[in-house]
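To start, the structure itself, in structure tokens.
The values are calculated or read from the model by the stated rules, or taken from the named source; none is laboratory data. These figures come from a predicted structure and were not determined experimentally. Don't worry about glycine lacking a Cβ; one is built from the backbone with ideal geometry, like all the others, and counts go over all protein chains shown. Ligands, DNA and RNA are stripped out before the accessible areas are found, and what is left, the full protein with its side chains, is counted by its heavy atoms. Shrake-Rupley method; radii C 1.70, N 1.55, O 1.52, S 1.80 Å.
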Amino acid sequence: MKTMVPYYYKDFKCVASKCTDTCCAGWEIIIDDETYKRYNNVCGEFGERLKSNLTLYEDDEPGFVLQNDNCPFLNKNNFCDIYTELGEDCLCYTCKTYPRFIEEYGNLREIGISLSCPEAARLILLDSKPVTFEVSEDDEMVSAYDDISFDLFTQIISSRKIALDILQNRSISLNHRIALLINFAHDIQEKINENKLSINDDWPKIIEHAINCFHKTDDITFYQKQYDDFNEYYKNTTYEYEHLMVYFIFQYFMKSIFDEELYSKVTLAAMSYLIIKELDVVRWIDNKYNFDINDQIDIMHMYSKEIENSEKTLYDLEEMFNTNKVFDLEQLLILIMN
């Protein structure tokens, strides 16, 4: 099994009570079935407390009854009473792994950390250098290939490499890079739909040609004055938005292997960039034209917490991107370039 992680993954460590937020509030606390059974078998006073706070959500998934939108086991010091009483091994899968996300594609396991965690967001944005990925390999047997098309896998992973190269080509403005990425994803989606996807040696020439076309025809009015001023103010930290896009492409691009919906996943990345940029400009104005990495971490992690930690929200967004003409290629390029 090969394991791929972004370079900053190894540096993540929960800061616990020092965190500016808590992962135990603001959403349903889902418990895996094995842990749910274990909690029902805990004896004593704490066992009674556990059982009294267990519930089944509308979709029959087990979880905790929230108290003031918080997990009932989050104490006043922002520590977990389950961890204190029963130990780390008794935490449910989500609580053990968050903010890490893990996905497997045949013999490739990818692990990252979620932007919805402030400390993870800090690590993602901290370094100005392009994001790199580390690959390790061990003798672990692959459990199954049944739900993966090997041909699609090889083409999608090659496509993602090109997508990341586009995003990290700093000789081009970021908005041009995102526009190129959207065009690229649109072309790939058409090939997937036609069952004709293949990546060949002509792609570097195609990308170079597209870059030249964009530069030669760049006569589109860019941003209104506030955006111009913010771009000037924040021009030395554009890499933060590049890291944001790389984060989304790393996390979601390969998932198109399962549903063959690649364009909507790239659209999610592009729209997330636009929304976060909008929120940044508003924060900048509210701060009397001051904005720093702490503001950026705060906005990005809140956005991620609202969007990424809900499977229903992600599904609804993909449906909207696939069906609403506002997100057609031409319209999306206009949004990016204006």
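A few comments on the model shown:
- Region 101-114, residues that are modelled with pLDDT of 95 or more and of a type in the set (A, V, I, L, M): 111, 113
- Only one of 326, 266 that is at negative phi, under 18 Å from the mean Cα position of the chain (by Cα), of a type in the set (A, V, I, L, M, F, W, C) and assigned to a helix (DSSP H, G or I): 266
- One residue alone among 169, 78 is farther than 26 Å from residue 307 by Cβ and not in a helix (DSSP H, G or I), and that residue is 169.
- Among the numbered conditions (1) closer than 19 Å to residue 235 by Cβ; (2) open to solvent by 60 Å² or more (accessible area, probe 1.4 Å); (3) in a helix (DSSP H, G or I), the only one that residue 316 does not meet is (1).
- Candidates 309, 324, 287, filtered to the one that is under 18 Å from residue 113 (Cα atoms), of a type outside the set (Val, Ile, Thr) and open to solvent by 50 Å² or more (accessible area, probe 1.4 Å): 309
- Taken as a whole, the condition of being at positive phi and out of contact with any His (no Cβ under 7 Å at 6 or more places or on another chain) applies to residue 289.
- Within region 299-338, tally of residues that are among the charged types (D, E, K, R) and in contact with a Lys or Arg (Cβ under 8 Å, 6 or more places away or on another chain): 1
- The residue of region 84-103 that is farthest from residue 120 (Cα to Cα), among those that are β-branched (Val, Ile, Thr) and under 16 Å from the mean Cα position of the chain (by Cα), is 102.
- The number of residues in region 22-65 that are in a loop (DSSP other than H, G, I, E, B), of a type outside the set (Ser, Thr, Tyr) and at pLDDT below 85 comes to 9.
- Here the condition is being modelled with pLDDT under 95, closer than 30 Å to residue 290 by Cβ and in a helix (DSSP H, G or I); of 274, 180, 244, it holds for 274 alone.
- Boolean, residue 302 is in a helix (DSSP H, G or I), within 23 Å of residue 23 (Cα to Cα), of a type in the set (A, V, I, L, M) and open to solvent by 20 Å² or more (accessible area, probe 1.4 Å): yes
- When residue 297 is tested against the conditions (1) touching a Phe, Trp or Tyr at 6+ places or on another chain (Cβ under 9 Å); (2) part of a helix (DSSP H, G or I); (3) surrounded by 17 or more Cβ atoms within 10 Å (Cβ to Cβ), the lone failure is (1).
- Taken over region 66-75, the residue count meeting the criterion of being surrounded by fewer than 17 Cβ atoms within 10 Å (Cβ to Cβ) and in a strand (DSSP E or B) is 2.
- Residue in region 1-44 that is surrounded by the fewest Cβ atoms within 10 Å (Cβ to Cβ), counting only those that are farther than 20 Å from residue 90 by Cβ and in contact with a Phe, Trp or Tyr (Cβ under 6 Å, 6 or more places away or on another chain): 4
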